[in-house]
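The values are calculated or read from the model by the stated rules, or taken from the named source; none is laboratory data. Treat the numbers as computed from the prediction; the structure is a model and nothing was measured. A quick note on method: Cβ atoms are made from the backbone with ideal geometry, for glycine too, and the neighbour counts reach across all protein chains shown. Keep in mind that these areas ignore ligands, DNA and RNA; they rest on the heavy atoms of the full protein, side chains included. Shrake-Rupley method; radii C 1.70, N 1.55, O 1.52, S 1.80 Å.
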Amino acid sequence: MDPHKASIIEHLGELRRRLIVFLIFFSLFSVLGYFLSDVIIKMISDYLTKRLGITLISIHPMEVFFTKLNIAVFMGIISVSYTHLRAHETSLH
């Protein structure tokens, strides 16, 4: 499909396909990030305790859940961005 001669419907179809692929990979990597969040929090906590003498505490019951959720979303964004960049890089060569 030549991008200069494609109709608006073809462009919208391509956009829909890319958004679906993005959402699938984002969801998969976010779920993986959620399951790995305990390991990531442990690594950060150990580093802060050993190097700086800082201990992480939770002062609200939902704080641990939101921290895990933030790590999961961050992992999803970073992983999808990296995957997209690698796919785009290989398609250029």
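With K and R counted +1 and D and E -1, the other residues having a Cβ less than 14 Å from that of L23 yield a net charge of +3.
Mean sequence separation of contacting Cα pairs (under 8 Å, at least six apart), scaled by the length of the chain, corresponds to a relative contact order of 41 percent. Residues in region 27-75 average 80 Å² of solvent-accessible surface per residue, probe 1.4 Å, ligands and nucleic acids excluded. Remark: spin-label model distance L32-L52 equals 2.8 nm, labels positioned 7 Å along the Cα→Cβ axis. Which entry in (i) 3, 12, 21, 23, 16, 12, 7, 4, 2, 1, 0; (ii) 2, 13, 18, 19, 16, 12, 9, 5, 3, 2, 1, 0, 0; (iii) 3, 12, 13, 16, 15, 11, 9, 7, 6, 4, 3, 2, 0 matches P(r) over Cα pairs in 5 Å bins from 0, in percent derived from the coordinates of this structure? Identified label for the calculated read-out: (iii). By accessible area, using a 1.4 Å probe on protein heavy atoms only, the chain has 71% of its surface on carbon and sulfur. Helices in the chain, meaning DSSP H runs of at least 4 residues, each add -39500 (n - 2.57). Divided by all residues, the mean residue ellipticity at 222 nm is -27500 deg cm²/dmol. Extension gain for I77 to E14 (0.36 nm times residue separation, less C-alpha to C-alpha distance): 20.6 nm. Using the alpha-carbon atoms, what tilt in degrees (0 to 90, nearest 10) does helix 8-47 show relative to the longest principal axis of the chain? On a 0 to 90 degree scale, this one is about 20.
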